[in-house]
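The next block holds one structure in the form of structure tokens; read it before the comments.
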Amino acid sequence: MNKQIGKVTKKVIEILNLNYEKEQPIFIGDANIKHMKEQHPDDFEKYGANIEDIINNPTYLARNEKKKSIEFIKEYKVDNDYVLIAVRVSNNNVHFARTMYIMADEKVEKYFKHKYFYKF
């Protein structure tokens, strides 16, 4: 069953310069949760309960042009973790949280170096 967990807000649209006419709801479905649990079980166990907060209150935003996704990234200073949730548009033009994981240090460095991070 699909559950709305947030929105691609006007602020997100503006920061990432998205070609959207209006805000779009973001959903998560059972298959998305299953994927997160199977592909990144430790990350999901640690941060799975925070998915809505990460989407609605990210520290950074990014765009992944290759995977055609919007990335919501939350920095957790306690453990120095950067948790990324990738949101992609389905074939039915619905936004879904597709995956969630703790970013590797090298990836965080690359995002900062190449200015992929946009402060929310």
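The values are calculated or read from the model by the stated rules, or taken from the named source; none is laboratory data. As the structure is a computational prediction, the values presented were derived from the model and not from experiment. Here the Cβ positions follow ideal geometry from the backbone for every residue, glycine too, while neighbour counts run over all protein chains shown. Please note that ligands, DNA and RNA were not included when accessible areas were found on the heavy atoms of the full protein model with its side chains. Shrake-Rupley method; radii C 1.70, N 1.55, O 1.52, S 1.80 Å.
Assorted remarks:
- Estimated inter-spin distance, H35 and E106, nm [label 7 Å along Cα→Cβ]: 2.4 nm
- Note on segment 25-120: with neighbouring protein chains present and a 1.4 Å probe, carbon and sulfur make up 46 percent of its accessible heavy-atom surface.
- Violating pairs (Cα-Cα greater than 23 angstrom) within the set K66/K107; K68/K110; K67/K115; K37/K67; K7/K34; K22/K115: K22/K115
- Here is how the number arises for the chain: DSSP H runs of 4 or more residues each give -39500 (n - 2.57), the sum is divided by the residue count, and the result at 222 nm is -8500 deg cm²/dmol.
- Accessible area per residue for the chain, computed on protein heavy atoms with a 1.4 Å probe, is 63 Å².
- With the cut-off at under 15 Å, measuring from each backbone N in segment 34-60 to a point 7 Å along the Cα-to-Cβ line of D81 picks out 36-55, 59.
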